[in-house]
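Novice: My questions will all concern the structure given below.
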Amino acid sequence: MIEKSVKQLSAMLAAKEISAVEMASEYLARAKAMRDLNAFITLDEDKTFAEAKAADALLASGQAGVLTGVPIAQKDIFCQQGWKTTCGSKMLDNFVAPYDANVIELCRKAGLVSLGRTNMDEFAMGSSNENSFYGAVKNPWDKSAVPGGSSGGSAAAVAARLAPIATATDTGGSIRQPAAFCGVTGIKPTYGIVSRFGMIAFASSLDQGGPIGKSAEDCALLLNVMAGFDERDSTSLEHAKEDYSRDLTAPLAGLRIGLPKEYFAEGLASDVAAAVDVAISEYKKLGATIVEVSLPNTKLSIPAYYVIAPAEASSNLSRFDGVRFGHRAAEYSGLAEMYEKSRAEGFGAEVKRRILTGTYVLSHGYYDAYYLQAQKIRRIIANDFQTAFEHCDLIAGPVAPTAAWNLGEKNADPTAMYLEDIYTLAVNLAGLPGMSLPAGFAANGRPVGLQLIGNYFSEAKMLNAAHQLQQVTDWHTRAPSL
């Protein structure tokens, strides 16, 4: 059962071959048996079975939706009423959400059954999932490797077959990079497609929710649930509801795929480049036309991102002061000391680093020199993509310069970690949709991801291209030996 697609699981539930309670029970047993992966922060059987029983009732009534009864892992960044919602931080270790995020509401409405809350880098800040207060997640393909971040728990859970699908978020590559490192599929939609209401904020102009699944088809079905206008999020787009699975079977003849020359230059590991080349050759066989394009300011995405994102983080995380909710220091002599000690104790090293950076670039005398300049570069990067899309329908390339690295390998050098985001950050700065799909393996046997980038609102086209590749390859069906 654990190898079946979401569509197949849905069919089994509809045909009453298995109940939602039985299905949830099987995945929960597997999740508990593989706690050493550390993919979940919280499992709560009582809540899961209550949701599964409600789904069974809906199935019996004949009013079930496509995904009713299907188990799902929820990233621990979405507030979920009654569940501990930590965002991977000691600061929120004692926080039980009093309400549902929009994404959770939509999952409940669809009848999806929450299995638990997945591990993540603290406040989504990280590319390796080693910044979690609850410990690092291990990559199911090689437990000595990182799973990628920040949605490493969601990607590892799907790769290890602990859940068929999972929610995730992407601020600078946090869906695509862990999906690539764990050999699964993930899509970050156009900014504003998925509501941020109830999603704990890191960098508000960059954060975007999306699905992780084994295949493009699974992701399309979950994105159908997660997407939609929400008046409680001021950046939510009033975009007409779409069926993201509508074009999955369309042929690719005539599709123009652009390869940015900057993505295949110095710094890209040869084994990753070789894997991506094989995937591109499959697209040629499917009738796509390959053209070279240029994204000349790709390198500027790293400094621009690491000014804008910390600036927004320093503002968003100011709310965690130990007064209203979250961690509070046990001993203090006054209000100012309570703030200082609570934040010093509650935040981890990477979060503190970004808060300090963000506060600095927003301070008087430096705002124009750093923050304003970064915003100008952001516009230039977005314009580069629009120029490229005059010559192609989709852009393809690697997700990361290398396959997953070893746990602890880059912890002492934050800059080296930041450079791993070179191919993903620009997509967030431009607000474009991007996705990762399995594209073979590196020389060390760890998965490699192919990145597809589309113009605004082209999710259905991207999922079509990904699905068609997955019809002629088997990388997405391979699972780690556990």
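The values are calculated or read from the model by the stated rules, or taken from the named source; none is laboratory data. These figures come from a predicted structure and were not determined experimentally. Backbone-built Cβ (ideal geometry, glycine too); neighbour counts: all protein chains shown. What goes into the accessible areas is simple: the full protein's heavy atoms, side chains included, and nothing from ligands, DNA or RNA. Shrake-Rupley method; radii C 1.70, N 1.55, O 1.52, S 1.80 Å.
Novice: Compare the peptides 337-349, 123-135, 30-42 by average per-residue count of other Cβ atoms within 10 angstrom and give them in order, highest first.
Specialist: Highest to lowest by the protection proxy: 123-135, 30-42, 337-349.
Novice: I need the peptides 62-71, 356-365 ranked by packing, meaning the mean over residues of other C-beta atoms within 10 angstrom, with the highest value on top.
Specialist: So the peptides 62-71, 356-365, ranked by packing, come out 62-71, 356-365.
Novice: Alpha carbon centre of segment 68-128 versus segment 386-437: separation in Å?
Specialist: 25 Å
Novice: Sticking with this structure for a sec: Based on the mean of other beta carbon atoms within 10 Å per residue, what is the order of 374-382, 88-96, 438-446, 11-19, most packed first?
Specialist: In decreasing order of mean packing, 374-382, 88-96, 438-446, 11-19 become 88-96, 438-446, 374-382, 11-19.
Novice: Taking the Cα-to-Cβ direction at VAL291 and at ASP474 and moving 7 Å from each Cα, how far apart do the two end points lie in nm?
Specialist: Simple spin-label model gives 3.6 nm for this pair.
Novice: Might you work out the accessible area of ASP56 for me, using a 1.4 Å probe with all protein chains in place, and round it to the nearest 10 Å²?
Specialist: My reading of the accessible area for ASP56 is about 40 Å².
Novice: Hey, another quick one. Just to be sure I understand, if you calculate Rg and Dmax of the Cα atoms in Å for this structure, which of (i) 22.4, 73; (ii) 25.0, 80; (iii) 21.1, 70 do you get?
Specialist: (iii)
Novice: What accessible area per residue comes out for the chain, rounded to a whole number of Å², with a 1.4 Å probe?
Specialist: 36 Å²
Novice: State, as an integer percentage, the relative contact order of the chain based on alpha-carbon contacts under 8 Å between residues 6 or more apart.
Specialist: About 18 percent, as a whole number.
Novice: Could I ask something else about it? For TYR99, tell me the accessible area in Å² from a 1.4 Å probe, rounded to the nearest 10.
Specialist: The accessible area of TYR99 comes to roughly 90 Å².
Novice: Another question, then. Return one quarter of the surface area of the convex hull spanned by the alpha-carbon atoms of segment 249-349, equal to its mean projected area, in nm².
Specialist: 11.6 nm²
Novice: Given the rule -39500 (n - 2.57) for each run of at least 4 DSSP H residues, summed and divided by the residues of the chain, what is its mean residue ellipticity at 222 nm, to the nearest 500 deg cm²/dmol?
Specialist: Using -39500 (n - 2.57) per qualifying helix, the result is -11000 deg cm²/dmol.
Novice: Label segment 251-290 by shape, choosing from rounded, prolate and oblate, from the square roots a ≥ b ≥ c of the eigenvalues of the Cα gyration tensor; if a/c is under 1.5 it is rounded, and otherwise prolate applies when a/b is larger than b/c, oblate when it is not.
Specialist: oblate
Novice: While we're on this one: Mind listing P(r) for segment 1-144? All alpha-carbon pairs, 10 Å bins, whole percents.
Specialist: 12, 39, 34, 14, 1
Novice: Given a Förster distance of 56 angstrom, what is the FRET efficiency for ASP46 paired with GLU390, based on the Cβ-Cβ distance and rounded to 0.05?
Specialist: That gives a FRET efficiency of 0.55.
Novice: Relative contact order for segment 427-478 using alpha-carbon pairs under 8 Å, separation at least 6, rounded to a whole percent?
Specialist: Relative CO of segment 427-478 lands at 34 percent.
Novice: What Kirkwood Rh does segment 336-468 have if only Cα atoms enter the pairwise 1/r average? Answer in Å.
Specialist: Evaluated over segment 336-468, this radius sits at 17.9 Å.
Novice: Using a Cα-Cα cut-off of under 16 Å, which aspartates and glutamates could be cross-linked to LYS90, ignoring same-chain neighbours fewer than 8 residues away?
Specialist: Those aspartates and glutamates meeting the cut-off are ASP76, ASP121, GLU122, GLU130, ASP321, GLU340, GLU345, GLU350.
Novice: Note down the relative contact order for segment 241-389 as a percent, whole number, built from C-alpha pairs under 8 angstrom at least six residues apart.
Specialist: Reported as a whole number, the value is 28 percent.
Novice: For labels at LYS299 and SER281 in the simple 7 Å Cα→Cβ model, what's the distance in nm?
Specialist: The two pseudo-label positions are separated by 3.1 nm.
Novice: Could you give the length gained by full extension between ARG319 and LEU482, i.e. 0.36 nm per residue of separation minus their alpha carbon distance, to one decimal place?
Specialist: 54.5 nm
Novice: Quick check: pseudo-label points 7 Å beyond the Cα along Cα→Cβ at TYR332 and GLU238, how many nm apart are they?
Specialist: 4.3 nm
Novice: Starting from one equal scatterer on each C-alpha and no solvent at all, send me the Debye-based log10 I(q)/I(0) for segment 372-440 at q = 0.21, 0.27 Å⁻¹, two decimals.
Specialist: Once normalised to I(0) and log-transformed, intensities are -1.02, -1.25.
Novice: Hey, for a label at ALA250 modelled as a point 7 Å past Cα toward Cβ, could you say which residues of segment 457-477 have their backbone N under 14 Å away?
Specialist: Residues passing the 14 Å test: 457-468.
Novice: Which of the lysines could be linked to LYS285 by a straight reach, that is with a Cα gap under 22 Å, when you skip same-chain ones fewer than 8 residues away?
Specialist: LYS261, LYS461
Novice: Once R0 is set to 25 Å, what does the formula 1/(1 + (r/R0)^6) return for the Cβ-Cβ distance between GLN63 and GLN8, expressed as a FRET efficiency to the nearest 0.05?
Specialist: For GLN63 and GLN8, the calculated efficiency is 0.70.
Novice: On the accessible surface of the chain, probed at 1.4 Å, how many percent belong to carbon and sulfur atoms?
Specialist: 53 percent
Novice: Once R0 is set to 41 Å, what does the formula 1/(1 + (r/R0)^6) return for the Cβ-Cβ distance between ALA443 and LYS109, expressed as a FRET efficiency to the nearest 0.05?
Specialist: So, using R0 = 41 Å, E works out to roughly 0.35.
Novice: For a paramagnetic label modelled at 7 Å from the Cα of ALA269 toward its Cβ, which residues of segment 171-206 fall within the zone defined by backbone nitrogen distances under 13 Å?
Specialist: 180-183
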